[in-house]
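What follows is a set of notes on a single structure, which appears directly below.
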Amino acid sequence: MSLELSHVCGAIAPSPTLSINAKANEMRAKGLDVISFCAGEPDFVTPQYIRTAAHEALDMGLTRYTPVSGTIGLRRAICDKLRRENELDYTPDQIIVSNGAKASIYTALAAIVNPGDEVIIPTPCWVSYPEMVRIAGGVPVLVEGKAEKNFIVEAEDLAPFVTERTKALILNTPNNPNGCVWNRRQIQNIAALAVKSGFYVISDEIYEKLIYDGEEHVSIASINEEIYAQTIVINGVSKAYAMTGWRIGYAAGPKKIIKAMSSFQSQVASGSNSIAQYAAEEALKSPKGPDCIEQMRRAYDVRRKDIVARLNAIPGIHCQMPKGAFYVMLDVRELLGKSCGNVVLDNTEALASQLLERAWVAVVPGEAFCAQGFCRMSYATSLERIHVGVERIRTFVDMLS
């Protein structure tokens, strides 16, 4: 009998964002004033009306198992939201609630991917996409987005990578890690390619509410009936409603896929937390929601403009103005090859490591997002911390030789 780990788990790369954040927390525990720009998490407290709904659910004793696919109230609220905000018509049996949007994405992959199937992923991309595809038995096919094109990968860029083994495309707009937003024309062209070539689109729209400069969020499933039938829409309440710890995400899609996802979820996770579901239902239904979201969005907008201006004033660092989410990508290619003491910064992992150790500033290296030469920073933190952190980065850059 072998006591080895499974080949699947043995091959999984740990999340770099969580690893760096853990190291930053260790340094904080030692009393060091570390400023972290790593975590993709709002720094706001969940709005009071949502927390009140959770308390009411507890007082009512709503603490038992819920249906695997989610409470009927929450699924109806999701349908109403998608109809009202995204021009998408779904019924509750086309919705599944999961333990966060990440779980929704993996469950979708598990439902459609067979061993050897290819899943196209535009890069830079969220760290978990390639790993989840591999865990599901698929093959991630990475298509590079160029900084010169604002990291947007268009249909013409994707087309050469489509083969008879292509099963799906993961589209994330607004995007993590770079904040880019695909416009309607670009979405329409990708939809046409997917319909023509016959592959699914997993559309990760978790940052849809965090958008700036008059940009429009377009859900690819709303383009026409053909792409609607090939799309699995992924969303949740974590980013827009500052509910990351509540762990509620959802997927909307064709009935046969949602049914398969529910069967899979029933065996590996059961239903989501009951109290969190009642709170999420109130988040989506309450008329207080839009104002709460807008207050947070405006705060992010101020921080976005501030951090970009300050970073671009540092010699050797460049960054574009992101149009969505709460991230900015640092172009640090001019810094690579320089030395920090006896350490040569030959990649962004080395740069991020030295920046944390010497300046007490945590950023995520671009290798984590398939973006060599770049680092990601989250501006989901206060202006005061942004100012101190960026000034430390400036001091760190000045000491390089």
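Computed about the Cα centre, the dipole magnitude for segment 106-221 is approximately 200 debye when only Lys and Arg (+1) and Asp and Glu (-1) carry charge, each at its Cβ. Positive end of the charge dipole of the chain (Lys, Arg +1 and Asp, Glu -1 on Cβ, about the Cα centre): tell me which of 318, 250, 143 has its Cα farthest that way. Final value for the positive-end residue is 250. The Cα trace of segment 286-373 gives Rg and Dmax of 16.2, 57 Å, the first to one decimal, the second as a whole number. Summarising the amide proton neighbourhood of residue 202: residues at separation of 5 or more, or on other chains, whose placed amide H is nearer than 5 Å comprise 169, 170, 171, 232. Give me the angle, in degrees from 0 to 90, between the Cα long axis of helix 348-359 and the longest principal axis of the Cα atoms of the chain, rounded to the nearest 10. Roughly 60 degrees, rounded to the nearest 10. Where only DSSP H runs of four or more residues are counted, the chain gives -12500 deg cm²/dmol as its mean residue ellipticity at 222 nm, each run worth -39500 (n - 2.57). Close amide H contacts of residue 142 (hydrogens built in the peptide plane, cut-off under 5 Å, sequence separation of 5 or more or a different chain): 121. For the chain, a crude dipole built from +1 on the beta carbon of Lys and Arg and -1 on the beta carbon of Asp and Glu, taken about the Cα centre, is about 520 debye to the nearest 20. Only lysines eight or more places from residue 323 in sequence, or on another chain, were considered; those with a Cα closer than 20 Å are 146, 149, 209, 239, 305. What is the distance in Å between the Cα centres of segment 324-348 and segment 351-401? For segment 324-348 versus segment 351-401, the Cα centre distance is 8 Å.
Each residue of segment 54-65 is assigned a 3J(HN,Hα), and the resulting list reads 5, 4, 5, 5, 5, 4, 7, x, 7, 10, 8, 3 Hz, derived from the Karplus form 6.51 cos²θ - 1.76 cosθ + 1.60 (θ = phi - 60°), x at Gly and Pro.
With the highest mean first, a sort of the peptides 15-22, 341-348 on other beta-carbon atoms found within 10 angstrom per residue produces 15-22, 341-348.
Between residue 63 and residue 149, the modelled label-to-label distance comes to 5.4 nm, taking each label 7 Å out from Cα in the direction of the beta carbon. Modelled spin-label separation between residue 48 and residue 27, with each label point placed 7 Å from Cα along the Cα-to-Cβ direction: 3.7 nm. The alpha carbon gyration tensor of segment 81-169 gives principal lengths a ≥ b ≥ c with a/c of 1.5 or higher and a/b no greater than b/c, which makes the shape oblate.
Of all stretches in the chain that contain no GluC sites (Glu not before Pro) in a DSSP loop with at most 14 other Cβ atoms within 10 Å, the longest one is 217-333.
Tell me, what is the per residue accessible area of segment 103-148 in Å², probe radius 1.4 Å? I get 32 Å² per residue for this part. Looking at the chain, the DSSP beta bridges with both ends there are about 50 percent antiparallel.
Inter-label distance, residue 4 to residue 288: 5.6 nm, where each label sits 7 Å from its Cα along the C-beta direction. The structure shown yields volume of the Cα convex hull per residue in Å³, and of the options (i) 163; (ii) 131; (iii) 183 that calculated value carries the label (i).
Under a model in which nothing but the beta-carbon of Lys, Arg (+1) and Asp, Glu (-1) is charged, segment 186-228 shows a dipole of about 180 debye around its Cα centre. For segment 119-133, the Karplus equation 6.51 cos²θ - 1.76 cosθ + 1.60, evaluated at θ = phi - 60°, returns couplings of 10, 7, 10, x, 10, x, 9, 4, 4, 7, 4, x, 5, 5, 4 Hz by residue, with Gly and Pro reported as x.
Converting phi to 3J(HN,Hα) with the Karplus coefficients 6.51, -1.76 and 1.60 and the offset θ = phi - 60°, segment 285-293 yields 8, 5, x, 6, x, x, 5, 5, 5 Hz in sequence order, with x at every glycine or proline. Once backbone amide H atoms are built at 1.01 Å from N, residue 215 has no partners under 5 Å, excluding neighbours fewer than 5 places away on the same chain. Measuring spread by the Cα atoms of segment 174-244 yields a radius of gyration and Dmax of 12.7, 38 Å.
Using a 1.4 angstrom probe on heavy atoms only, work out the carbon and sulfur share of the accessible area of segment 22-76 in %. Carbon and sulfur: 54 percent of the exposed surface of segment 22-76.
The values are calculated or read from the model by the stated rules, or taken from the named source; none is laboratory data. Keep in mind that what you see is a predicted model, and the values were worked out from it rather than measured. Counting neighbours? That spans all protein chains shown, and the Cβs are built from the backbone with ideal geometry, glycine included. We work out accessible area using only protein heavy atoms, side chains counted, and drop any ligands, DNA or RNA first. Shrake-Rupley method; radii C 1.70, N 1.55, O 1.52, S 1.80 Å.
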